[in-house]
Amino acid sequence: MVAFGVFVSILPLFYILLRTFQIGLDELVNSLFRVRTLELVYNSLALTFVVCLTAMTIGTAQAWLSFRSDLAFRRLFQVVAILPLAMPSYVLAYAWLSVSSEVNGFFGSWLVLSISTTPYVFLAVSAAFNRHSGAGEEVARTLGRSQLTVARTITWPAIRNAVFGSGLLVALYTLSDFGAVSLMRFDTFTRAIYNAYRASFDRNAAASLALVLVLLTIILIRIESRSGTLRTTKSSGQYRALQTKLGKWQVGAQVLLISWFVIGVLIPIMSIIYWTVIGQSQSNLGEISRALANTVSYGLAGGLAVAFVGLAVAILVVRYKSKYSVKVEETILITHALPGVVVALSFVFLVNQSVPSLYQTSALVLLAYLALFLPNAVAVLKVPISQVPTGIEEVSRTLGSSQIQTLRRVVIPAAAPGIISATAFVGLTVIKELPATLILRPTGIETLATRLWSATSVSAFSAAAPYALLLVLVAGIPALFVNREIRATQNRSNLVVKEADYSDSEVK
Amino acid sequence: MSEKVKLENVSKSFDGVSVLQNVSFTVADGSLLTILGASGGGKTTLLRLIAGFDSVDSGSITMNGREVSSEALSLPPEKRNVGFVPQDSALFPHLSVSKNIAYGLSHLKSEARAAKVSDLLELIGMGDHKDSLPDTLSGGQRQRVAIARALAPNPDVILLDEPFAALDAQLRSKLREDVRAILRAANATAILVTHDQEEALSIADQVAILREGTVAQIGSPRSIYSQPVDVSLAKFLGDAVVIPGVVASGKVSTQLGDLIPIVAQPEGTKGQVAIRPENLYLQPDPKGLAVVTGRQFFGHDALVEVKTAAGIVKARTSGPISPEVGMPVTVWVRGSVNFYPAG
């Protein structure tokens, strides 16, 4: 099981390396020139940079205002800040496109991806504020330091790692996003790879571009893994942190947060509802319900399959630590930010070369989900498994149960609530997945995501609306609850913050 | 009484660091052995070797006449028929009290199992809680359930790893008596490890003192307390006044007078005498050479500091009639003393 998971996980990377050797350096350089690679690099990096900057600024401001100031309606803003997580980036892109045709290209992509990624920064920085009691600030104030000096010397160091760590995550998310940029018609790597594949089934161009994108991603992951996770002392009990009085800035802060809410949540939701109502008379209920059924089936099958393999890996990694299990985890984590487009194309080409009968089957779609989401599943499943005390396993052994029986009778049942929410988390992530489903699904099978994508591509906004609405209702809103549950479990455990960060995100 | 558990020359090291060396002892059927030692002394390792969580490097462990661990062989825990009660009780969080107790009884038919569980619930006095989940129980209740769960499959020996350490002082002594009674009622053979002298002495049939990975002394609680084999054990097992002395005419001559050694020593032997504070008697005496310099009052008794020719010594006196600070006294030693020849 574990070996199978590892095998599937490394297939895409293996493919890319294989292609690179097959293509050869000369041809690689040629095909990169043919497809305006420099322009794509520039576009991708520019977009990544501005999205990072926006998300880091707004997310940190939201977190500081709602946890460390006397902002009115703080609790409400704490909830509002994570609402955009209910909308996959391509749903948000659809919503804004349907508001105005002016929103597109670089500007549109920047807007939509900033809205989508800001909650990750907000969550990471809020968590840092909560870990850090604020007692340090109070002591510093009594030692005669000004508010500004305290912010610079005490507060900022406490949240710095969270800000930059989540910033890198945002960068990975932006680089690998396919849905939003392609609907916004902004040429980044992911869109170009898809088009190269679509237009001509041009393997070399698509593969060369994928190679460059993967290199960029790996550089980011290297930086991410090197930025160590700061362990701060956990605040004990109900400590009320020092709250900065906003005074005359109160109004300004309210305006800022409310406008962000209007742009990020209110307008998109209103637009989706508006178009749903407008198009009500023409909507094809049979088509919609078929797409819904397919989506739910993929979600269930994908969620169960990925969680099942993930559970095996998580148990191995947490309970049977060895050189071998550490390697297994590292191998799986390497793939944690491979863009969905790249994974999907690797599977198309690999399968066509080796087992053509798998091409365009649901089985292949599930394999791709496994490659895409196994790292997330393992990260989320490790927490409940590691929370089962080893003492109860030992007791179970003395009471006559073997290792395997102990897993079945004690470890898995005791971790069941966490395992169930992890499975739900993976299932919902699968439902929201776009590029792999789009590329690999059997002909004629449509899901909510693919329907939304194709209707929006031809500006059929009212036809697309019910799919957007259903995606928010079926996947987005449940995901908010499941993620909250998972975060709560992680806060109870002593696992490092970094895992909490990316289990929350669906970087693909 | 027959031997239930027997350890012979058991040694264990981790990463080249020796934790246990040549540990040997036996536990008689139906008796309770406490293993007393400072933390880091190898107590828990010893218990884990007996339970089968780790295997011995050399030596052997025999249970009920069957060898369970040696250099060549190590039965897994599930094949050893031992009961285990860890410090934090480690109840299965997803199972009710009665299902926790029934966990090790899956080989029984359901009626037999239910009967056994209800017997044990009665034994630990928790019949009212049979359907409760562990997180609704108090620390003491959890520990009782953990003991019942360990007793359920009739193990050859039940192993308790600091079972009272996580409880507050008052609850601890109450539970200690209860556990002793439960183990006796079940006629169970048990090994309990602890770092608490009072606990080790008060409930054991036999006490083994583990020091730096070896058994320093083993015996009844009374003999361990009154005749420690060396000065450092005397100090470890409670307060002790240690003063130098030399044997002259069959007695040990010290600055607190001529004392009678428990074991006769040759003339002229030099060494140290260890006296328990309760064996010092303070007689109020205006001409006394010693003077009271401090007093810790505990209610039922008091620990009085006295400045004597031998330095400051501590004496335990009855609380209500203990002498005041500043009072001159004469110090007497009651009974025979332990004398440890130097070198």
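Would you confirm, using the coordinates I've provided, whether residue B:85 is in contact (Cβ under 8 Å) with a residue 12 or more places away in the chain, away from every other protein chain (no Cβ under 14 Å) and not small (Gly, Ala, Ser)? Criteria not met by residue B:85.
So that you can scan it fast, the table gives a plain yes or no per residue for (1) crowded, with 18+ Cβ neighbours inside 10 Å; (2) farther than 19 Å from residue A:284 by Cβ; (3) modelled with pLDDT of 85 or more; (4) out of contact with any helix residue (DSSP H, G or I) (no Cβ under 7 Å at 6 or more places or on another chain):
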residue: A:447; (1), (2), (3), (4): yes, no, yes, no
residue: A:450; (1), (2), (3), (4): yes, no, yes, no
residue: A:453; (1), (2), (3), (4): yes, no, yes, no
residue: A:467; (1), (2), (3), (4): yes, no, yes, no
residue: A:474; (1), (2), (3), (4): yes, no, yes, no
residue: A:478; (1), (2), (3), (4): no, yes, yes, no
residue: A:481; (1), (2), (3), (4): no, yes, yes, yes
residue: A:496; (1), (2), (3), (4): no, yes, no, yes
residue: A:504; (1), (2), (3), (4): yes, yes, no, no
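If a residue must be within 10 Å of chain B (Cβ to nearest Cβ) and either on the phi > 0 side of the Ramachandran plot or in contact (Cβ under 8 Å) with a residue 12 or more places away in the chain (or both), how many such residues does segment A:366-389 contain? Residues meeting the conditions: 2. Checked across segment A:427-438, the condition of being at pLDDT 85 or above and more than 25 Å from residue A:169 (Cα to Cα) holds for no residue.
Summed over segment A:442-468, the residues that are within 26 Å of residue A:483 (Cβ to Cβ) and part of a loop (DSSP other than H, G, I, E, B) give a count of 1. Here the condition is being surrounded by fewer than 18 Cβ atoms within 10 Å (Cβ to Cβ), more than 8 Å from every other protein chain (Cβ to nearest Cβ) and of a type outside the set (Phe, Trp, Tyr); of B:74, B:69, B:106, it holds for B:74 alone.
For residue A:170, the conditions (1) over 16 Å from residue A:57 (Cα atoms); (2) modelled with pLDDT of 85 or more all hold with the exception of (1). What's the total number of residues in segment B:203-229 that are within 12 Å of residue B:275 (Cα to Cα) and touching a Phe, Trp or Tyr at 6+ places or on another chain (Cβ under 9 Å)? Residues in segment B:203-229 being within 12 Å of residue B:275 (Cα to Cα) and touching a Phe, Trp or Tyr at 6+ places or on another chain (Cβ under 9 Å): 1 in total.
All conditions but one from (1) in contact with a Ser or Thr (Cβ under 7 Å, 6 or more places away or on another chain); (2) modelled with pLDDT of 95 or more apply to residue B:33; the one that does not is (1).
Out of A:82, A:58, I need the residue that is crowded, with 17+ Cβ neighbours inside 10 Å and in contact with a Pro (Cβ under 6 Å, 6 or more places away or on another chain). Which one? Show your work before the answer.
On the way: A:58 fails: in contact with a Pro (Cβ under 6 Å, 6 or more places away or on another chain).
Of A:82, A:58, the one residue that is crowded, with 17+ Cβ neighbours inside 10 Å and in contact with a Pro (Cβ under 6 Å, 6 or more places away or on another chain) is A:82.
Restricting A:454, A:401, A:421 to those that are free of Cβ contacts under 8 Å to residues at least 40 places away in the same chain, among the polar types (S, T, N, Q) and away from chain B (no Cβ under 14 Å) reduces the list to A:454.
Taking segment B:135-156 on its own, how many of its residues are touching a Lys or Arg at 6+ places or on another chain (Cβ under 8 Å) and more than 20 Å from residue B:173 (Cβ to Cβ)? Steps first, please.
Initial filter on segment B:135-156 (touching a Lys or Arg at 6+ places or on another chain (Cβ under 8 Å)): B:140, B:152, B:156.
From the residues that got through so far, the ones that are more than 20 Å from residue B:173 (Cβ to Cβ) too are B:152, B:156.
Number of matching residues: 2.
Restricting attention to segment B:119-175, the residues that are more than 21 Å from residue B:194 (Cα to Cα), assigned to a helix (DSSP H, G or I) and within 12 Å of chain A (Cβ to nearest Cβ) add up to 2.
Within segment A:323-345, can you find the residues that are surrounded by fewer than 24 Cβ atoms within 10 Å (Cβ to Cβ) and either over 22 Å from residue A:304 (Cα atoms) or free of Cβ contacts under 8 Å to residues at least 60 places away in the same chain (or both)? Once the filter is applied, which keeps residues that are surrounded by fewer than 24 Cβ atoms within 10 Å (Cβ to Cβ) and either over 22 Å from residue A:304 (Cα atoms) or free of Cβ contacts under 8 Å to residues at least 60 places away in the same chain (or both), segment A:323-345 yields A:323, A:324, A:325, A:326, A:327, A:329, A:330, A:333, A:334.
The residues of segment A:251-274 that are under 27 Å from the mean Cα position of the chain (by Cα) and over 20 Å from residue A:111 (Cα atoms) amount to a single one, A:273.
For segment B:285-343, what are the residues that are aliphatic (A, V, I, L, M) and farther than 28 Å from residue B:253 by Cβ?
B:302, B:321, B:325
Yes/no per residue for (1) in contact with a Leu (Cβ under 7 Å, 6 or more places away or on another chain); (2) among the aromatic types (Phe, Trp, Tyr); (3) at pLDDT below 90:
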position: B:57; (1), (2), (3): no, no, no
position: B:62; (1), (2), (3): no, no, no
position: B:69; (1), (2), (3): yes, no, no
position: B:74; (1), (2), (3): no, no, no
position: B:85; (1), (2), (3): yes, no, no
position: B:88; (1), (2), (3): no, no, yes
position: B:91; (1), (2), (3): no, no, no
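Residue-by-condition table, conditions (1) surrounded by 18 or more Cβ atoms within 10 Å (Cβ to Cβ); (2) assigned to a helix (DSSP H, G or I); (3) away from chain A (no Cβ under 14 Å):
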{"residue": "B:33", "(1), (2), (3)": "yes, no, yes"}
{"residue": "B:53", "(1), (2), (3)": "yes, no, no"}
{"residue": "B:78", "(1), (2), (3)": "yes, yes, no"}
{"residue": "B:90", "(1), (2), (3)": "yes, no, no"}
{"residue": "B:102", "(1), (2), (3)": "yes, yes, no"}
{"residue": "B:112", "(1), (2), (3)": "no, yes, yes"}
{"residue": "B:117", "(1), (2), (3)": "yes, yes, no"}
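The values are calculated or read from the model by the stated rules, or taken from the named source; none is laboratory data. As the structure is a computational prediction, the values presented were derived from the model and not from experiment. For neighbour counting, all protein chains shown are included, and Cβ atoms are generated from backbone atoms with ideal geometry for every residue, glycine included.
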